[in-house]
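Notes follow once the structure below has been shown.
The values are calculated or read from the model by the stated rules, or taken from the named source; none is laboratory data. Remember, predicted model here, so these are calculated numbers, not experimental data. Heads up, the Cβs are rebuilt from the backbone with ideal geometry, glycines too, and the neighbour counts pull from every protein chain shown.
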Amino acid sequence: MTLVPKIISLEFTVPRYSYTQDEIFKALGYPRLFSSVYTGAGISKRHFCVPLDKAHDMSWQQQCATYIVEAEDLSVAAVEKCARDGVGKIDRLYYNSCTGFAPGPTIGHLISRRVPTLNGARVVNLSSMGCEAALPGISVAYDYCVAWGKPAMVVNCELCSLTYYPEKPSPDKENDYELLRGNALFADAAVAGIIGFDHNDRHPYILAMKTLTDYSHMNDLGYVWSEGRLRLKLSRSVPDTALLLIQKVVSEVMAEWELEAKSVRFWVVHAAGSKVLDLVESAFLLSKEQLWFSRQTLFRYGNCSSATVGITGKIIMEEGNPHVGDYGVMVNVGPGMTANAMLIKWGS
């Protein structure tokens, strides 16, 4: 009998500084005519690892130095909560991030040094994958579990506040105010998950995973180097392109198990923004309840890049009361443009 890996633990942490959308908008000093971009984003507040007034003035070197300290601490906090489930020694750690650079030792090594469960673990760093990195991380952890019969840990830590690109004295108009739009969405968080085996019906099985990349949209989303630092690239076409990719990859993963959208109780859709969630809801004819937890993630925390779907998954485990036999589909989109879908099921 072949054992099927499960998500046996999932936790997240957010930094100590939090701000409402109105506070962020005022701190960034944008003209009032742009206020609806912030107040209409479907977000209540966001968390940052540095105060807003400090984020304004940091150089790229200061951003990276801060990233190393803050990413280690935030990730360790998530990992320590995740490891409380008593899975024992874990000897494989996958660390994912695109919002900072640690030249070595890596953040993964810094984490494993501080957490006894991970002492001596082989660290694998997956970088530069953007918002889609969570599911590729789960995928390689899944493969490790199947090959070796041992659990693996995945950590996604994104500190988007440390990629702030200065644009004063006036908003940068490039690509239809992409920086202004990005600054209305992104936030900081760390997520840790353990992929492994157990007999707990509260922990969902991973049934299928699919990935799809449309290379014709390679330049629509991601980061570019500009003036010696990272600069967000965010085309206006991203929500529509994301929907097309999501429709294809989700249809494939559900067809493999002969499921329809209405049969999937929990939709863990990357909370990239309210427009993406609206498009997915309409395209798949979802109920408000099916997408409620994804909207709650956006509302409570904003778009936390690759950490976002993990936050939604944890909220579902705590507040969704999943039952044996319930299905869930996890979906995210990132640079490439790439979409990933994963089908999970609670119980046998």
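Points worth noting:
- All strands (runs of 3 or more DSSP E) inside the range 170-246 with 3 or more residues being loosely packed, with under 15 Cβ neighbours inside 10 Å: 221-226
- Tally, over the range 1-26, of residues that are assigned to a loop (DSSP other than H, G, I, E, B), surrounded by fewer than 22 Cβ atoms within 10 Å (Cβ to Cβ) and under 20 Å from the mean Cα position of the chain (by Cα): 2
- One residue stands out in the range 291-318 among those that are β-branched (Val, Ile, Thr) and more than 12 Å from the chain's Cα centre (by Cα): the one that is surrounded by the fewest Cβ atoms within 10 Å (Cβ to Cβ), namely Ile315.
- Figure legend. Inter-residue proximity from the range 32-51: first residues surrounded by fewer than 20 Cβ atoms within 10 Å (Cβ to Cβ), second residues among the hydroxyl-bearing types (Ser, Thr, Tyr) and part of a helix (DSSP H, G or I), beta-carbon distance below 9 Å, spacing 6+ or different chains. Indicated pairs: Phe34/Tyr177; Val37/Tyr177; Gly40/Ser274; Gly42/Ser274; Ser44/Tyr301; Lys45/Tyr301.
- Residue check for Val238: without any contact (Cβ under 8 Å) to a residue 40 or more places away in the chain and within 29 Å of Gln63 (Cα to Cα): no
- Those residues of the range 100-147 which are surrounded by fewer than 24 Cβ atoms within 10 Å (Cβ to Cβ) and hydroxyl-bearing (Ser, Thr, Tyr), in sequence order: Thr106, Thr117, Ser127, Ser128, Ser139, Tyr142, Tyr144
- Considering the range 14-28, the residues that are in contact (Cβ under 8 Å) with a residue 60 or more places away in the chain and touching a His at 6+ places or on another chain (Cβ under 9 Å) include one that is farthest from Glu318 (Cα to Cα), namely Leu28.
- Of residues in the range 52-70 being crowded, with 20+ Cβ neighbours inside 10 Å and under 22 Å from Gly29 (Cβ atoms), the one modelled with the highest pLDDT: Gln63
- Residues that are among the charged types (D, E, K, R), assigned to a helix (DSSP H, G or I), surrounded by fewer than 21 Cβ atoms within 10 Å (Cβ to Cβ) and modelled with pLDDT under 95 occur in the range 85-95; there is at least one.
This table checks each residue for (1) under 23 Å from Cys98 (Cα atoms); (2) of a type in the set (Asp, Glu); (3) at pLDDT 95 or above.
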residue: Pro5; (1), (2), (3): no, no, yes
residue: Phe12; (1), (2), (3): yes, no, yes
residue: Ser18; (1), (2), (3): yes, no, yes
residue: Gly29; (1), (2), (3): no, no, no
residue: Phe48; (1), (2), (3): yes, no, yes
residue: Leu74; (1), (2), (3): yes, no, yes
residue: Ala77; (1), (2), (3): yes, no, yes
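- Of all residues in the range 163-178, those that are of a type in the set (D, E, K, R) have Cβ atoms under 7 Å from Cβ atoms of residues that are in a loop (DSSP other than H, G, I, E, B), 6 or more apart or on another chain, in Lys168/Gly29; Asp176/Arg236.
- Scan of the range 310-348 for residues that are over 21 Å from Ala189 (Cβ atoms), assigned to a loop (DSSP other than H, G, I, E, B) and in contact (Cβ under 8 Å) with a residue 12 or more places away in the chain, ordered by number: Pro322, His323, Val324, Gly325, Asp326, Gly336, Met337, Trp346, Gly347, Ser348
- Single unsatisfied condition, Glu258 versus (1) modelled with pLDDT under 95; (2) assigned to a loop (DSSP other than H, G, I, E, B): (1)
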